[in-house]
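**Student:** Here it is: the structure, laid out below.
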There are 2 protein chains.
Amino acid sequence: MSIRVPEGDRIPRHVCDSCNTIHYQNPKIVAGCILEWENRILLCRRAIEPRYGLWTFPAGFMENSETAVQAAIRECSEEANADVVNAQLFALYNLPHISQVYIMFRGRLKAGRASPGAESLEIALFAEQDIPWTQLAFPVVYEGLELYFRDREQGNYSMHMGDIFRSPDRKIQINRY
Amino acid sequence: MSIRVPEGDRIPRHVCDSCNTIHYQNPKIVAGCILEWENRILLCRRAIEPRYGLWTFPAGFMENSETAVQAAIRECSEEANADVVNAQLFALYNLPHISQVYIMFRGRLKAGRASPGAESLEIALFAEQDIPWTQLAFPVVYEGLELYFRDREQGNYSMHMGDIFRSPDRKIQINRY
């Protein structure tokens, strides 16, 4: 495998020296879902790296052959044994510094039932005032929950879009648009 | 390279037999933009496979380290030497049968200026009644343009979401939601 610019391309790619196959590396999609039950939000405490021990709503890499909402529903099942009612698209965030696109949904937790999956140390339902804001796993989780509670307070959920990236001084920046 | 289920996973992956690196394959994002100028829409006639010779709005694979809107703007530049004014998120479509997610924007073509890039045989501005509907490259292009003209007629652009997939009898199906 070597790194070179294939003919007709403009970006260096991983190219196999024996068969000339180009192994493109593209942004990965993370699909997740903010689940609500009786005014409380389902969060999972991560049992895996990165951010072992910190909290997130269920989310993970979208797989081939599924849709974004199917991926979000699957993650709720895998990480929290949770079923989703009425999943709605809620936010699309670009994380260019780690080449991810986050597609967030919101929905209702079916029957209030959830329990930790293999990748979760524990799961819990949090009222807004009890959200562990300083113990969230990623800036995009913080951003998603903040948007969610703001929309909920206004009684009107809309579709959000933005970028989260690191500025040259390594600080996390958020652009909403 | 062999195909097997890594420990803790549930899906067969491409795993390197010598270094155990797992080569995940995930859905790719295609970013595109419907550009308007004086009531007409910019389309490009493809100079590459698949669908050589058929028409599409500028669109292509999102690259690492860019945002979706940056990718859409770059594709407009590469395929049609076109600059974009005021790009707005317009539609998110899942194409699970080919493991793609299409993120469509809409915007204004700056100064009405465009010319064919390396991947386009020609480019043209089409009024709605002149769109080559039977010569469009992909179902998602048809869908995007249809939604666009419907929104434009109603004087209100909204955010659309849906799936385009092949049913077991190989027919293309579209779900809007």
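**Student:** Along Cα→Cβ, 7 Å out, is where each label goes; now give me the distance between the ones at B:Q135 and A:Q129 in nm to one decimal.
**Tutor:** 6.6 nm
**Student:** State, to one decimal in nm, how far the label point of A:E146 lies from the label point of B:R51, with both points 7 Å from Cα in the Cβ direction.
**Tutor:** 3.9 nm
**Student:** Would you calculate a helix-derived [θ] at 222 nm for chain A, using -39,500 (n - 2.57) for each DSSP H run of n ≥ 4 and dividing by the full residue count, to the nearest 500? Display every interim value, and only then the final one.
**Tutor:** Details: 2 runs with 29 residues, N = 177.
Result for chain A: -5500 deg cm²/dmol, rounded to the nearest 500.
**Student:** Here's something else I'd like to know. Please express the shape of the protein assembly as shown as an equivalent ellipsoid: the semi-axes are the square roots of 5 times the eigenvalues of the C-alpha gyration tensor, given largest first in whole angstrom.
**Tutor:** Numbers: eigenvalues 244, 135, 74 Å².
After diagonalising the Cα gyration tensor, the semi-axes are 35, 26, 19 Å.
**Student:** How many partner chain Cβ atoms sit within 10 Å of a residue's Cβ in peptide B:59-68, on average, as a whole number? Working shown, then result.
**Tutor:** Values: counts 0, 0, 3, 7, 8, 10, 6, 4, 13, 8.
For peptide B:59-68, the averaged partner shielding equals 6.
**Student:** What does the charge dipole of the range B:107-151 about its Cα centre add up to, to the nearest 20 debye, if the Cβ of each Lys and Arg holds +1 and the Cβ of each Asp and Glu holds -1? Spell out each step's value before the answer.
**Tutor:** Values: 4 positive and 7 negative charges, 55 e Å.
Its charge dipole is roughly 260 debye.
**Student:** On to the next question. Between the range B:128-177 and the range B:15-31, what is the separation of their alpha carbon centroids in Å?
**Tutor:** First find each Cα centre; the distance between them is then 31 Å.
**Student:** Apply 1/(1 + (r/R0)^6) to the Cβ-Cβ distance of A:I11 and B:C16, taking R0 = 25 Å, and write down the FRET efficiency to the nearest 0.05. Present the calculation step by step, with values, prior to reporting the outcome.
**Tutor:** Working: r = 23 Å, r/R0 = 0.92.
The calculated FRET efficiency here is 0.60.
**Student:** Over the range B:8-127, what relative contact order in percent results from Cα pairs under 8 Å that are six or more residues apart?
**Tutor:** Working: 260 pairs, mean separation 38.3, N = 120.
Relative CO of the range B:8-127 lands at 32 percent.
**Student:** For a protection proxy built on the mean count of beta-carbon atoms within 10 angstrom, sort A:157-169, B:23-35 highest first, please.
**Tutor:** Working: A:157-169: 14.7, B:23-35: 21.7.
Sorting A:157-169, B:23-35 by mean packing, highest first, produces B:23-35, A:157-169.
**Student:** For chain A, what is the charge dipole size about the Cα centre, in debye to the nearest 20, if Lys and Arg each add +1 at the Cβ and Asp and Glu each add -1 at the Cβ?
**Tutor:** Values: 19 positive and 22 negative charges, 54 e Å.
Its charge dipole is roughly 260 debye.
**Student:** Taking B:R10 in one copy and the same position in all the others, each labelled 7 Å out along Cα→Cβ, what are the pairwise distances from the first, in nm, shortest first?
**Tutor:** 4.2
**Student:** Using the heavy atoms of the protein chains alone and a 1.4 angstrom probe, what is the accessible area of the protein assembly as shown per residue in square angstrom?
**Tutor:** Values: 17440 Å² over 354 residues.
Here the per-residue accessible area is 49 Å².
**Student:** State the antiparallel share, in %, of DSSP beta bridges confined to chain B, rounding to the nearest 5. List each step's numbers first, then the result.
**Tutor:** On the way: 32 of 46 bridges.
In chain B, approximately 70 percent of DSSP beta bridges are antiparallel ones.
**Student:** Which of B:I174, B:V84, B:V140 sits closest to the plus end of the dipole of chain B, meaning its Cα is farthest towards the positive end, when Lys and Arg get +1 and Asp and Glu get -1 on the C-beta?
**Tutor:** B:I174
**Student:** Other chains near A:27-40: what is the mean number of their Cβ atoms within 10 Å of each residue's Cβ? Intermediate results must be reported in sequence, preceding the final value.
**Tutor:** Numbers: counts 14, 6, 8, 1, 2, 0, 0, 0, 0, 0, 0, 0, 0, 0.
The per-residue average across the peptide is 2.
**Student:** Could I ask something else about it? At the nearest 100 Å², what buried accessible area, both sides summed, do you get for B and A when the probe is 1.4 Å? Present the calculation step by step, with values, prior to reporting the outcome.
**Tutor:** Values: alone 10070 and 10080 Å², together 17440 Å².
Buried: approximately 2700 Å² between A and B.
**Student:** Given label points at 7 Å from Cα along Cα→Cβ, what nm distances, shortest first, separate A:A127 from the same residue in every other copy?
**Tutor:** The projected label point of A:A127 is separated from its counterparts by 6.3 nm.
**Student:** Oh, and also: Average the reciprocal distances over every distinct pair of alpha-carbons in the range B:27-157, invert the result, and give the Kirkwood radius in Å. All intermediate terms of the calculation are to be shown ahead of the outcome.
**Tutor:** Details: mean 1/r = 0.0693 Å⁻¹.
Taking every pair of different Cα atoms in the range B:27-157, averaging 1/r and inverting gives 14.4 Å.
**Student:** On to the next question. Which percent of the accessible heavy-atom area of the range A:58-177 goes to carbon and sulfur, probe 1.4 angstrom?
**Tutor:** Details: 2550 of 5590 Å².
The nonpolar share, carbon plus sulfur, comes to 46 percent.
**Student:** Could you compute how fast the range A:125-177 diffuses translationally, taking Rh as the Kirkwood radius over C-alpha pairs and applying Stokes-Einstein at 25 °C with viscosity 0.890 mPa s? Give it in µm² per second.
**Tutor:** Details: Rh = 12.5 Å.
My calculation gives 196 µm²/s for D.
The values are calculated or read from the model by the stated rules, or taken from the named source; none is laboratory data. The shown structure was predicted, so the numbers you read here are calculated from the model rather than taken from an experiment. Methodologically, a virtual Cβ is constructed for each residue, glycine included, from the backbone with ideal geometry; neighbour enumeration extends over all protein chains shown. Keep in mind that these areas ignore ligands, DNA and RNA; they rest on the heavy atoms of the full protein, side chains included. Shrake-Rupley method; radii C 1.70, N 1.55, O 1.52, S 1.80 Å.
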